[in-house]
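The values are calculated or read from the model by the stated rules, or taken from the named source; none is laboratory data. Note that the structure is predicted; figures quoted are calculated from it, not measured. Positions of Cβ are generated from backbone atoms using ideal geometry, with glycine treated the same way; all protein chains shown enter the neighbour counts. These accessible areas exclude ligands, DNA and RNA; they are computed on the full protein's heavy atoms, side chains included. Shrake-Rupley method; radii C 1.70, N 1.55, O 1.52, S 1.80 Å.
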Amino acid sequence: MESSYLPATTELLAKAQEAKDASESISILYRVLQDPSSSADALRTKELAITNLTNYLTKENRAEDLRNLLTQLRPFFALIPKAKTAKIVRGIIDAVSKIPGTSDLQISLCKEMVEWTRAEKRTFLRQRVEARLAALLLENQEYTEALTLLTSLIKEVRRLDDKLLLVDIDLLESKLHFSLRNLPKAKASLTAARTAANAIYVPPAQQGTIDLQSGILHAEEKDYKTAYSYFFEAFEAFNALEEPRAIFSLKYMLLCKIMVNQADDVAGIISSKAGLNYLGPDVDAMKAVAEAYSKRSLKYFETALRDYKAQLEEDPIVHRHLSSLYDTLLEQNLCRLIEPYSRVEIAHIAEMIELPVDHVEKKLSQMILDKKFAGTLDQGAGCLIIFEDPKTEEIFPATLETISNVGKVVDSLYLRSAKIMA
């Protein structure tokens with residue numbers, strides 16, 4: 001970067017765009033920003049120069065330079081309206097987020113900006129940067145710090161009645177409580193977000209985020225039909241905006257179909273006009289799970305989990321529900337296999353179900369404790385002994401009912417005699 005400044009004119013901006021390489025364009029734009037002129041035209045030109053410079057630095061993955069740019073622009077921010085300052089600051093922070101592997105840098109940048117906005121008494125901007133910081137802390141799984149920040153921010157924003165920001169913060173709080181496995185608080189925060197959203201116009205992307213979170217919470221409560229409808233609404237919103245989050249909504253839609261025993265519908269959803277736009281590893285993973293579930297095959301299920309580990313096991317929401325589905329499928333298969341026997345070797349069951357012996361033994365002992373069937377494990381002989389279900393004589397419930405009725409009659413007679421004696 002050269003030290004001598006260039007006049008802030010549209011001609012120089014055009015020259016920067018026509019430059020042969022990005023480094024030359026960046027150099028010209030930096031020198032334009034050093035122009036000491038504070039006329040209306042110069043300020044307008046500098047705003048355009050900042051936007052262009054941000055784009056060039058983002059393309060070059062120069063995150064540290066973007067951070068330094070925010071510091072260098074502080075004297076310039078004193079010359080322009082606060083709303084424009086907020087737009088530029090948030091634009092640069094967004095630009096840094098597009099560069100991969102910069103989460104720690106984003107957190108430190110947001111903390112720096114919070115300190116600066118607090119010193120400059122720019123409340124509107126500070127609240128938005130703090131909300132962004134809370135989202136970054138949540139992504140980094142720094143839950144305690146994020147919760148402390150959100151608690152104080154919510155109180156402040158509710159006092160100011162900034163509904164649009166309140167929706168964002170309540171949604172963040174819902175996601176945070178969900179990550180901490182506190183479902184009642186997650187639902188309460190989501191309800192607060194919906195209440196605030198009903199009072200104002202909410203952008204489609206934000207409405208899609210609300211629907212996505214609603215679907216996740218309903219799925220957690222095993223209400224998969226309602227969850228599917230919310231995921232569908234979110235998918236439509238994100239698909240219309242061509243947002244990358246559309247693929248997650250589609251993935252969760254397919255998951256809900258599998259969980260309600262409608263795995264055959266998965267192929268139809270994937271081959272729909274909207275579904276064809278998102279063909280890839282995520283959709284292939286759910287298709288493999290649906291096929292395994294349709295065939296009731298644990299072997300195919302485990303193959304799908306192994307082949308699509310990144311798409312299934314590393315997504316916490318999908319992983320949690322598939323673990324439950326796997327257990328159900330395993331129990332159904334084991335019950336079907338042991339039904340003809342009164343005594344059977346565990347190794348034989350493991351061979352038939354194509355799973356390790358220790359894995360099958362552990363699951364059988366868990367099923368016996370959960371009273372899924374009556375039996376015991378003879379570990380010395382390596383056998384499972386299944387007991388016949390004891391048949392309850394029909395006379396027993398009738399006898400108990402008769403005794404209960406007689407007891408009521410005796411109580412009634414006692415109360416009558418007590419009244420007569422009195």
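Check the range 298-309 and report whether any residue there is under 25 Å from residue 239 (Cα atoms), small (Gly, Ala, Ser), at pLDDT below 90 and buried (at least 19 other Cβ atoms within 10 Å of the Cβ). No, there is no match, as no residue in the range 298-309 is under 25 Å from residue 239 (Cα atoms), small (Gly, Ala, Ser), at pLDDT below 90 and buried (at least 19 other Cβ atoms within 10 Å of the Cβ).
Out of 240, 285, 267, one residue alone is in contact (Cβ under 8 Å) with a residue 12 or more places away in the chain, more than 21 Å from the chain's Cα centre (by Cα) and either within 24 Å of residue 302 (Cβ to Cβ) or surrounded by fewer than 21 Cβ atoms within 10 Å (Cβ to Cβ) (or both). It is 267. For residue 168, are the conditions met, namely being in contact (Cβ under 8 Å) with a residue 24 or more places away in the chain and open to solvent by less than 50 Å² (accessible area, probe 1.4 Å)? Criteria not met by residue 168. Scan the range 35-66 for residues that are charged (D, E, K, R), farther than 14 Å from residue 84 by Cβ and without any contact (Cβ under 8 Å) to a residue 40 or more places away in the chain and the total you get is 6. Here the condition is being part of a strand (DSSP E or B) and surrounded by 10 or more Cβ atoms within 10 Å (Cβ to Cβ); of 355, 364, 377, it holds for 377 alone. Could you give every pair whose Cβ atoms fall below 7 Å, whose first residue belongs to the range 120-139 and is within 13 Å of residue 77 (Cβ to Cβ) and open to solvent by less than 10 Å² (accessible area, probe 1.4 Å), and whose second residue is part of a helix (DSSP H, G or I) and of a type in the set (Ser, Thr, Tyr), counting only separations of at least 6 or pairs across chains? Listed by first residue and then by second, the contacts come to 125/85; 125/117. When you check residue 233 against the structure, is it more than 17 Å from the chain's Cα centre (by Cα), farther than 21 Å from residue 155 by Cα and among the acidic types (Asp, Glu), yes or no? Against the criterion (more than 17 Å from the chain's Cα centre (by Cα), farther than 21 Å from residue 155 by Cα and among the acidic types (Asp, Glu)), residue 233 does not qualify.
To keep it simple, each residue is scored yes or no on (1) surrounded by 10 or more Cβ atoms within 10 Å (Cβ to Cβ); (2) over 30 Å from residue 251 (Cβ atoms).
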site: 333; (1), (2): yes, no
site: 351; (1), (2): yes, yes
site: 395; (1), (2): no, yes
site: 418; (1), (2): no, yes
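Pairs meeting the criteria (first residue in the range 16-34 and in contact (Cβ under 8 Å) with a residue 12 or more places away in the chain and at negative phi, second residue open to solvent by 20 Å² or more (accessible area, probe 1.4 Å) and basic (Lys, Arg), beta carbons under 9 Å, at least 6 apart or on different chains) are 22/59; 25/15; 26/62; 28/15. For residue 97, state whether it is farther than 30 Å from residue 44 by Cβ and either among the small types (Gly, Ala, Ser) or crowded, with 19+ Cβ neighbours inside 10 Å (or both). When the stated conditions are applied, residue 97 does not pass them. Summed over the range 14-29, the residues that are closer than 13 Å to residue 55 by Cα and either touching a Leu at 6+ places or on another chain (Cβ under 8 Å) or of a type in the set (Ser, Thr, Tyr) (or both) give a count of 5. Cβ-Cβ distances below 9 Å connect the following pairs, each with a first residue in the range 171-195 that is open to solvent by 40 Å² or more (accessible area, probe 1.4 Å), a second residue that is of a type in the set (S, T, N, Q), and a separation of six or more residues or different chains: 175/189; 175/213; 179/141; 185/174; 187/174; 188/174; 191/174; 194/214. Determine which single condition residue 293 fails, assuming it passes every other condition in (1) of a type in the set (Ser, Thr, Tyr); (2) at pLDDT 90 or above; (3) in contact with a helix residue (DSSP H, G or I) (Cβ under 6 Å, 6 or more places away or on another chain). Only one criterion is unmet by residue 293, namely (2). Pairs are defined by a Cβ separation below 7 Å, a sequence spacing of at least 6 or placement on different chains, a first member in the range 105-116 that is within 14 Å of residue 146 (Cα to Cα) and open to solvent by 40 Å² or more (accessible area, probe 1.4 Å), and a second member that is modelled with pLDDT of 90 or more and not hydroxyl-bearing (Ser, Thr, Tyr); the pairs so defined are 111/133. Screening residue 20 with (1) open to solvent by less than 80 Å² (accessible area, probe 1.4 Å); (2) of a type outside the set (Asp, Glu); (3) at pLDDT below 85 gives one miss only, at (1).
Summed over the range 71-99, the residues that are outside any helix (DSSP H, G or I) and not charged (D, E, K, R) give a count of 6.
No other residue among 45, 9 is of a type in the set (Val, Ile, Thr), on the phi < 0 side of the Ramachandran plot and open to solvent by 40 Å² or more (accessible area, probe 1.4 Å) apart from 9.
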